[in-house]
Amino acid sequence: MVKDFVRNGDVLSAAALAALGVYVFIEAWPWPYYNDDGPGPAFFPLWYGVIMVVLSLALIGTTIANLPKAETPDWQGISRAMITWGAFAISAVLMNWLGFAISFALLTFFMITYVFHKPPVMAAVVAVAASLGFYLVFPFALSTALPTGVFGF
Amino acid sequence: MDVLGGLLHGFSVALQPANLWWCFVGCFLGTVVGILPGLGPAATIALLLPLTFKMDPAGGIIMLAGIYYGAKYGGSTTSILLNIPGESSSVVTCIDGHAMAKNGRAGPALGIAAIASFVAGTVGILLLTVMAPPVAVFALQFSSPEYFALMCLGLALVVLLSGPSLIKGLMALFLGLWLTSIGTDLFSAQARFIFGQSELLGGMDFVVVAIGVFAIAEVLASVDAGDKTHMLPVPKGMRNLLPSWEELKACRFAFLNGSITGFIIGILPGAGAAISSFIAYGIEKAFSKHPEKFGTGVPEGVAAPEGANNADSGGALVPLLTLGIPGGGTTAIMLSALVLWGVRPGPLLMTESPDIFWGLVASMYIGNVVLLILNLPLVPVFAQILRLPVHVLFPIILGISLVGAYGVSGRMFDIGLLIGFGLLGYIMVKLKYPTAPLILGFVLGDAMERALRQSLTMSQGDLSILVRGWISATMLACAVLILLLPLLGRFNKARVQAIAEGG
């Protein structure tokens, strides 16, 4: 019972949102609530901070009242998604040095080979073609700026 | 000059070869801009504005207006096909439009969006033609309390978008309200929740948040599903790529609803196309014989918001042209363009510059036909995007997302935010939190806070100002009613059961 409660996603997310509500309240507390010109910058955040905590407690309460048996998460699926997200984040960081074209090609290559288990040759062809396509559509045809790196593109 | 005489004069201006050409250029550019997330109509008009300085003002405003309403046509394409809303007004189209695409009805969804845009866009212009002066006078009655009530009504629709758990919907809504308050408070210059990051002083852009919680989250959830992820089905044959007669018949009320809701809300400065599309969707669901099917891919769920989104353009031009009050960012840039050409929008525009007022109105009738001709034949072409295998499509979606986020401000910081919101959206999907209320809160929260604070400043803290006027009182009563209905046990049980049956 206690294990199911702790592992329940609703309880965890409600606790996180309650913490956010408390943070909003504490952060907004020193700001003026009301001044000569009318409501101050704390007026709105203080109210929705309190409401966030109340809603979170309500969600925890309803979850306890009707506690379902904790489902075993599909860790394989979650790790696949997290690896994709991590690769996406790393490619964004690399854009500072390598620029959009190379970083995006690397991300595409990684996703096709590692996440979708396709042949590396095919992945390389798609990565180069997609990166080139983006470059032709955005900076070349539409004059839209993309992140550039040490190579100037 | 009466309305008919003015309109005939307008057609004589708009049908001149040069103006027809600028109308086509504007519509085409607008469609392209609408398809590409991050490059919105406001940015495009701002970019092209210097090119129009040497143009004839009538041709210039015809082209800029073409970009404005053309972008709204194009905005539905990526919402339906890739679940990427290019504009805030396209968020609602994602709900049923992308569900239709998943059900193998991408072509009909695009077709319905184009037809709804044409019908509602034309109705919007028709209403602009005949109702501009009297309606503008009514809109002048809207003060801060009325705007606050309007925002409350929009937010109350969270109930209709929440899914089985109302608490989760409300929590997502308040998360959106918090996110929109990040940045500098315009009343007091107080920096709020910026975590020491100067980049957050200007707040976060809608495009970054929406692409993160919709598009990136969709890709991550699909990768999570692994073998269960299949290519979205695209049926063969032109007949299957266009909406059926039954689907169009089912959308009759949605076309009307979108047209009227979009036009009325478009007139109100600051309300914007996003709220009109949300409200049209809410009305459509509330009056539907099968509300449980909304969210699973019903054509009315595409027709109503897309129609409202386009009728809004006609409405937004009412205060711009008759009062000189821009309703949003794009119309504000159009106002500055008119001023730069030496044209003064206002009650005298119709008599002082009939070429511009009536030429623009007439060109919008022509522009809507141009857009329909441009868009319907392209539906099968756009639908082919879904034939791409997922291992090619997903990196491309991530690439478009990166370009969209970077295009907002040219800062790597926005890409960092995009990554964060992508993770947030994925967590919300995994934990079955609805993402639409978060976006609704983010889009409307800022305007709502501003309206409430202005109201209380006007009344020196007296809350009764919010219900003193009949317009605000009626809208607040409707909002409260919508929020209280689920508390009635029987209603909520039926609502939850209906949503569960609808999948």
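Worth pointing out:
- Residues losing 40 Å² or more accessible surface upon assembly, the stretch B:199-228, compared with the chain by itself, 1.4 Å: B:220, B:223, B:224
- Nearest-0.05 FRET efficiency for residue B:8 and residue A:16, computed from C-beta distance (R0 60 Å): 0.45
- Rounded, prolate or oblate (a/c below 1.5 giving rounded, otherwise prolate when a/b exceeds b/c) for the stretch B:308-365 by Cα gyration tensor: oblate
- Within 10 Å of each Cβ in A:85-93, the average number of Cβ atoms from other chains: 6
- Percent carbon-and-sulfur accessible area, chain A, ignoring ligands, DNA and RNA, probe 1.4 Å: 73
- Given their separation in residues at 0.36 nm each and the Cα-Cα distance between them, residue B:18 and residue B:189 gain 56.8 nm when the chain is fully extended.
- Cross-link check: pairs B:249/B:432; B:168/B:293; B:249/B:289; B:72/B:289; B:168/B:430; B:249/B:285 evaluated at a Cα-Cα cut-off of 24 Å; pairs beyond the cut-off: B:249/B:432; B:72/B:289.
- Delta accessible area of at least 40 Å² on complex formation, residues of the stretch B:390-432, 1.4 Å probe, chain isolated as reference: B:391, B:395, B:398, B:402, B:403, B:406, B:412, B:419, B:423, B:426, B:431
- Spin-label pair residue A:75/residue B:411, simplified geometry with 7 Å Cα→Cβ offset, distance in nm: 4.0
- Accessible-area loss of 50 Å² or more (1.4 Å probe, protein heavy atoms, chain alone versus all protein chains) is found in the stretch B:447-487 for B:453.
- For the stretch B:280-352: accessible area per residue (Å², 1.4 Å): 34
- Over chain A, accessible surface divided per residue gives 54 Å², non-protein components excluded, 1.4 Å probe.
- Mean residue ellipticity, 222 nm, helices only, the protein assembly as shown: the sum of -39500 (n - 2.57) across DSSP H runs of n ≥ 4, divided by residue count and rounded to 500, is -23000 deg cm²/dmol.
- Sites residue B:463 and residue A:121, calculated FRET efficiency, Cβ-Cβ separation with R0 51 Å, nearest 0.05: 0.15
- Span from the the stretch A:30-79 Cα centroid across to the the stretch B:68-110 one, whole angstrom: 31
- One decimal place: the segment residue B:290-residue B:245 gains 14.3 nm when fully extended, by the rule 0.36 nm per residue minus the C-alpha distance.
- Estimated buried accessible area (total), pair A and B, 1.4 Å, Å² to nearest 100: 5000
- From most to least packed by mean Cβ count within 10 Å, the peptides B:186-195, A:111-120, B:439-448, B:6-15 give B:439-448, B:6-15, A:111-120, B:186-195.
- Dipole magnitude for the protein assembly as shown: computed about the Cα centre from +1 point charges on Lys and Arg Cβ and -1 point charges on Asp and Glu Cβ, it is near 1360 debye.
- Per-residue shielding of B:170-182, expressed as the average number of other chain Cβ atoms within 10 Å of the residue Cβ, stands at 5.
- Annotation for residue B:141 and residue A:27: the two label points, set 7 Å from Cα along the Cα-Cβ direction, are 4.1 nm apart.
The values are calculated or read from the model by the stated rules, or taken from the named source; none is laboratory data. Only a predicted model underlies this, so the values are computations on that prediction, with no experimental measurement involved. Heads up, the Cβs are rebuilt from the backbone with ideal geometry, glycines too, and the neighbour counts pull from every protein chain shown. Side chains included, ligands, DNA and RNA excluded: accessible areas come from the protein's heavy atoms. Shrake-Rupley method; radii C 1.70, N 1.55, O 1.52, S 1.80 Å.
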